[in-house]
Amino acid sequence: MLYHLLPQFADVHILFNVFNYLTFRSVGAVVTSYVLVFVAGPATIRRLQLHRVGQVIREDGIEAHLSKAGTPTMGGSLIVLSAALSTLLWAELTNAFVLLALLGLLWMGAIGFMDDYLKIVRNQPRGLVAKYKLLGQLSFGLALGLLLLLRPVSSIPPTWTMVPFFEGWVAAFWPPAYVAFVAFVVCGTSNAVNLSDGLDGLAAGLGAIALATFAVFAYLIGRIDTSAYLGLLYLPGSGELAIFAAALAGGAVGFLWFNSHPAQVFMGDTGSLAIGGALAVLAILLKAEFLLLLVGAVFVAEVLSVILQVGWFKYTRRQSGTGRRILRMAPLHHHFEKVGWAESQVVVRFWILGVLSALVALSTLKVR
């Protein structure tokens, strides 16, 4: 909004010209989103407590987590709303990249909100039935893939995606396979972040790191000079995604103020699905889907730990009649708690791994 209103007054005072600059507006988006969460946080937590919107803890899980039962949840709505408002305030609102990213954030946030609402408010332990949740994710992924095929947002063929570490290399998909690929990325990423939301501050911190990394890539890919110099695909207008990613990262960091150990509020599926969906849409729009494997390496490890654990248990049960486990408990962060790591140790060490993953992803800009 500010981008459309204030630069026209540059002839009155040169200060208004800064609203043309992507870097200035990205910083403004981070600060705005952070402040919105920080200011609205206490009132939101009190309201959730008043309506008894408390977390339900599995009795067969980590014993130390039983004391968290009743902690307010659905706090992810703070992240989603602050990021959306901040983006609307600082981004170019006629930009197709921004509009699609906002749609992905709100769509996935709505699915997560419905799941949390059914579990916590309506006391339905299963929440939104898994197949319906997956259907909501798949429908968005398929719709996004089809839309990008029929109405491309750039001159680059919509079925192309960049290959990390190789300058000028792209993976070109058969159109139907591309639609399926987009749906897979959306479902996989949103569920991976969702599975990582099991410890105080874990998903919010890792999400902020990944979003900040994609903000850098969006800025570079959206500039003709830096994209050419670094051997990236040039996508005019995609630089505005840096504002969206920065706004969501700012919201996640602001949420950490209340979600750090011991957490005053949990994000719930409302926040984790929204952050995961937003990361997926960012990667898809920037044609950097494979980069997600590097930027979100910790998320990938979390979801693989669940797949391997469940798969091995079922396989050994069929073979011997007794299911066996690879890990003491899945997802991966719970395994390390069972080994003896304190919750705060797991979170900080996973954050460190998240930073290292982001640095490896950023290294692909020069190692090509």
Relative contact order (%) - criterion: Cα under 8 Å, at least six apart; region: segment 50-208: 15 percent
Rounded to whole Å, sorted largest first: equivalent-ellipsoid semi-axes of segment 108-200, Cα gyration tensor: 33, 16, 10
Extension gain (nm, one decimal) between residue 24 and residue 290, 0.36 nm per residue minus Cα-Cα: 92.9 nm
Cα Rg, Dmax (largest Cα-Cα span) when computed across segment 296-368, Å: 15.8, 52
Nitroxide proxy distance, nm - points 7 Å out along Cα→Cβ at residue 349 and residue 17: 5.3 nm
Residue 122 accessible area, 1.4 Å probe, all protein chains in place, Å² to nearest 10: 140 Å²
Formal net charge of residues neighbouring residue 331 (Cβ-Cβ distance under 11 Å; K, R +1; D, E -1): -3
Stokes-Einstein D (µm²/s) once Rh is taken as the Kirkwood radius of segment 23-137 over alpha-carbon pairs, at 10 °C in 1.306 mPa s: 99 µm²/s
Where N is the number of residues in segment 80-136, Cα Rg divided by 2.2 N^0.38 Å: 1.40
Cut-off 11 Å between beta-carbons: net charge of the residues surrounding residue 261, Lys and Arg +1, Asp and Glu -1: -1
The chain, relative contact order [Cα under 8 Å, separation at least 6], %: 24 percent
Rg(Cα) / (2.2 N^0.38 Å) computed for segment 165-255, rounded to two decimals: 1.27
Environment charge of residue 222, counting only residues whose C-beta is closer than 14 Å and scoring Lys/Arg +1, Asp/Glu -1: 0
At least 20 Å along the helix axis (C-alpha) and Kyte average at least 1.0, DSSP helices within the chain: 22-50, 76-90, 96-116, 130-150, 175-196, 202-221, 241-259, 268-285, 343-363
Carbon plus sulfur fraction of accessible area for the chain, probe 1.4 Å, in percent: 68 percent
Relative packing of 245-253, 28-36, which averages over residues the other C-beta atoms within 10 Å, highest first: 245-253, 28-36
Size of the chain as Cα extents on the principal axes (Å, biggest first): 70, 48, 35
Average accessible area per residue (Å²) across the chain - probe 1.4 Å, nucleic acids and ligands excluded: 47 Å²
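The values are calculated or read from the model by the stated rules, or taken from the named source; none is laboratory data. Source: prediction; values computed, not measured. All Cβ positions, glycine included, derive from the backbone under ideal geometry; neighbour counts span all protein chains shown. Just so you know, the surface numbers come from the protein's heavy atoms only, side chains and all, with ligands and any DNA or RNA stripped out. Shrake-Rupley method; radii C 1.70, N 1.55, O 1.52, S 1.80 Å.
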